[in-house]
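> Quick one: structure below, then a few questions.
Quick note: the coordinates plus some simple rules give every number you see, no bench work behind them. Remember, predicted model here, so these are calculated numbers, not experimental data. Note that we place each Cβ from the backbone using ideal geometry, even for glycine, and neighbour counts take in every protein chain shown.
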Amino acid sequence: MGLNRMRIVVALLTSSDEARPAGPLSPLVEDVVWAHARPCEGLEHLTAKCAEDGLELYFFVRATSEANALILVQALLDRVRGSLISHGFTFDCG
């Protein structure tokens, strides 16, 4: 069994309203993600940073591998998708 190590997964949220800056929404987006996070997903820290097209979300998760970290973040993003869309963000989970 592999050791749980800190892994970083980055997701890009694209603003569906180009006239609205994403920066002021960073704390809101972080709160929405945390509200949907489950302990089994190993989320330790989350940072949202402004990007040219919207927001970059940096997920710091404890996982046994990079592949496992991606699966954990994917599950979280799938649950939070509707809330993020209602706040004007879209993303593609692959």
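> Does the stretch 31-46 contain at least one residue that is over 23 Å from His87 (Cβ atoms) and buried (at least 18 other Cβ atoms within 10 Å of the Cβ)? Reasoning before the result, please.
So in the stretch 31-46, the residues over 23 Å from His87 (Cβ atoms) come out as 39-40, 42, 44.
Now drop any that are not buried (at least 18 other Cβ atoms within 10 Å of the Cβ), which leaves 42.
Yes, the conditions are met somewhere in the stretch 31-46.
> What number of residues in the stretch 25-45 are more than 12 Å from Leu13 (Cβ to Cβ) and in contact with a strand residue (DSSP E or B) (Cβ under 6 Å, 6 or more places away or on another chain)?
Going through the stretch 25-45, the residues more than 12 Å from Leu13 (Cβ to Cβ) turn out to be 27, 31, 34-45.
If we keep only those that are in contact with a strand residue (DSSP E or B) (Cβ under 6 Å, 6 or more places away or on another chain) too, we end up with 37, 42-45.
Total satisfying the criteria: 5.
> For the stretch 55-66, does any single residue satisfy the condition of being under 17 Å from Thr90 (Cβ atoms) and surrounded by fewer than 20 Cβ atoms within 10 Å (Cβ to Cβ)?
Yes: the stretch 55-66 contains one or more residues that are under 17 Å from Thr90 (Cβ atoms) and surrounded by fewer than 20 Cβ atoms within 10 Å (Cβ to Cβ).
> Go through the stretch 52-83 and report how many residues are more than 10 Å from the chain's Cα centre (by Cα) and either closer than 12 Å to Val29 by Cβ or of a type in the set (Val, Ile, Thr) (or both).
Residues flagged as more than 10 Å from the chain's Cα centre (by Cα) and either closer than 12 Å to Val29 by Cβ or of a type in the set (Val, Ile, Thr) (or both) within the stretch 52-83 amount to 5.
> I've got another one for you. Kindly list, by first and then second residue, each pair from a residue in the stretch 65-88 that is at positive phi to a residue that is assigned to a loop (DSSP other than H, G, I, E, B) and not polar (S, T, N, Q), limited to pairs with Cβ atoms under 8 Å and residues at least 6 apart or on different chains.
Gly88/Asp17; Gly88/Arg20
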